1. Taking the options Asn94, Asn20, name whichever one is open to solvent by 70 Å² or more (accessible area, probe 1.4 Å) and touching a residue at least 12 places away in the same chain (Cβ under 8 Å).
2. Of the residues Glu80, Glu58, which is in a helix (DSSP H, G or I) and within 14 Å of Val41 (Cβ to Cβ)?
3. Filter segment 76-91 for residues that are open to solvent by less than 70 Å² (accessible area, probe 1.4 Å) and of a type outside the set (A, V, I, L, M, F, W, C) and give the result.
4. Give me the residue from segment 42-74 that is out of contact with any helix residue (DSSP H, G or I) (no Cβ under 8 Å at 6 or more places or on another chain) and polar (S, T, N, Q) and, out of that set, surrounded by the fewest Cβ atoms within 10 Å (Cβ to Cβ).
5. Name the single residue, out of those in segment 24-36 being within 12 Å of Ala3 (Cα to Cα) and open to solvent by 40 Å² or more (accessible area, probe 1.4 Å), that is modelled with the highest pLDDT.
6. Which of the residues belonging to segment 52-78 are touching a Phe, Trp or Tyr at 6+ places or on another chain (Cβ under 8 Å) and more than 19 Å from His25 (Cα to Cα)?
7. In segment 61-77, how many residues are part of a strand (DSSP E or B) and at positive phi?
Amino acid sequence: MAAPIAVHLEFGGGAELLFNGVKEHHVTLPGQSEPCFPGDVKQLLVWIQQNLLKERPELFVQGDSVRPGILVLINDADWELMGELDYQLQDQDNVVFISTLHGG
């Protein structure tokens, strides 16, 4: 069985308001061999919805992915360069979600 994965999650640009205003979360996820958590970003989004997201999920997720207008960085790199939803999380990864949508 794979060891649990420690991941640092950050929410900014207003996205933190969906998480009770908490910008940073240090979480421990089940190991990759667990059937309930295969260890990719797609499953991380499901885990976030079930465990951290407090309100208005439609402002954070759309289908299996994040809503358009949410910038995702994995270890300071655009997630598009990392494989997006298929990126396999590693221990000590830093995943940042920044909302670029602002009301006016």
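1. Asn20
2. Unique residue meeting the criteria: Glu80.
3. Answer for segment 76-91, where residues must be open to solvent by less than 70 Å² (accessible area, probe 1.4 Å) and of a type outside the set (A, V, I, L, M, F, W, C): Asp78, Gly83, Tyr87.
4. Gln50
5. My answer is Thr28.
6. Answer for segment 52-78, where residues must be touching a Phe, Trp or Tyr at 6+ places or on another chain (Cβ under 8 Å) and more than 19 Å from His25 (Cα to Cα): just Arg67.
7. Residues meeting the conditions: 0.
The rows are residues; the columns are (1) touching an Asp or Glu at 6+ places or on another chain (Cβ under 6 Å); (2) of a type outside the set (S, T, N, Q); (3) modelled with pLDDT of 95 or more.
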residue	(1), (2), (3)
Glu10	yes, yes, yes
Val22	no, yes, yes
Pro38	no, yes, no
Leu53	no, yes, no
Glu58	no, yes, no
Val72	no, yes, yes
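The values are calculated or read from the model by the stated rules, or taken from the named source; none is laboratory data. Note that this is a predicted model, so its numbers are computed, not measured. All Cβ positions, glycine included, derive from the backbone under ideal geometry; neighbour counts span all protein chains shown. Note: accessible area is taken over every heavy atom of the protein model, side chains too, but ligands, DNA and RNA are not part of it. Shrake-Rupley method; radii C 1.70, N 1.55, O 1.52, S 1.80 Å.
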